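See below for the structure under consideration.
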Amino acid sequence: MKSYRKELWFEVPTRRAFINITQEIKACVRESGIKEGLCLVNAMHITASVFINDDESGLHQDYERWLEKLAPHEPISQYMHNRTGEDNGDAHLKRQVMGREVVVAITEGHLDFGTWERIFYGEFDGRRKKRVLVKIIGE
Ligand code: ZN
């Protein structure tokens with residue numbers, strides 16, 4: 001069995017963002033040389049997500065509004081977590097809703113997606129360097 005590991009680094013200039021990382025993950029699959037297997041992609045931070053959905057800007061605005069309704073950033077005093085001196089209580093909750101990781105099958109050397117599936121990095125507490133782990137196993 002072959003195994004491949006890579007860390008992708010992001011530094012988002014805003015507090016929140018959704019970034020399509022599908023091309024980066026495809027490049028990892030090519031670099032791995034693995035034709036049949038599984039590709040895990042996970043955020044290595046507890047205030048960021050990796051998820052799969054449509055690359056459609058309206059949908060991303062809908063996510064942003066929905067997440068702000070569920071866990072508004074302000075007032076920051078509403079979160080017990082922020083009593084530690086942090087201001088990212090909302091980011092931890094948003095990450096939980098949007099998920100930590102995705103696993104995609106690799107078939108004949110390609111990500112075996114549904115028609116509209118794309119991989120996104122979801123940032124909820126940006127303006128600093130953060131990592132995504134890509135782990136691919138197979139033959
Ligand atoms: Zn925190």
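The values are calculated or read from the model by the stated rules, or taken from the named source; none is laboratory data. Remember, it's a predicted structure, so these values are computed and weren't measured experimentally. Glycine gets a Cβ as well: all are built from the backbone with ideal geometry, and neighbour counts include every protein chain shown. Only protein heavy atoms, including side chains, enter the accessible area calculation; ligands, DNA and RNA are left aside. Shrake-Rupley method; radii C 1.70, N 1.55, O 1.52, S 1.80 Å.
Observations on the structure shown:
- Scanning segment 75-94 for residues that are within 12 Å of the ligand (Cβ to nearest atom), open to solvent by 20 Å² or more (accessible area, probe 1.4 Å) and either within 19 Å of Arg118 (Cβ to Cβ) or outside any helix (DSSP H, G or I) (or both) gives Tyr79, Gly85, Glu86, Asp87.
- The residues listed here are Asn42, Asn20; of these, the one that is at pLDDT 95 or above and open to solvent by less than 40 Å² (accessible area, probe 1.4 Å) is Asn42.
- Criterion violated by Thr14 - all others in (1) among the hydroxyl-bearing types (Ser, Thr, Tyr); (2) surrounded by fewer than 15 Cβ atoms within 10 Å (Cβ to Cβ); (3) not in a loop (DSSP other than H, G, I, E, B) satisfied: (3)
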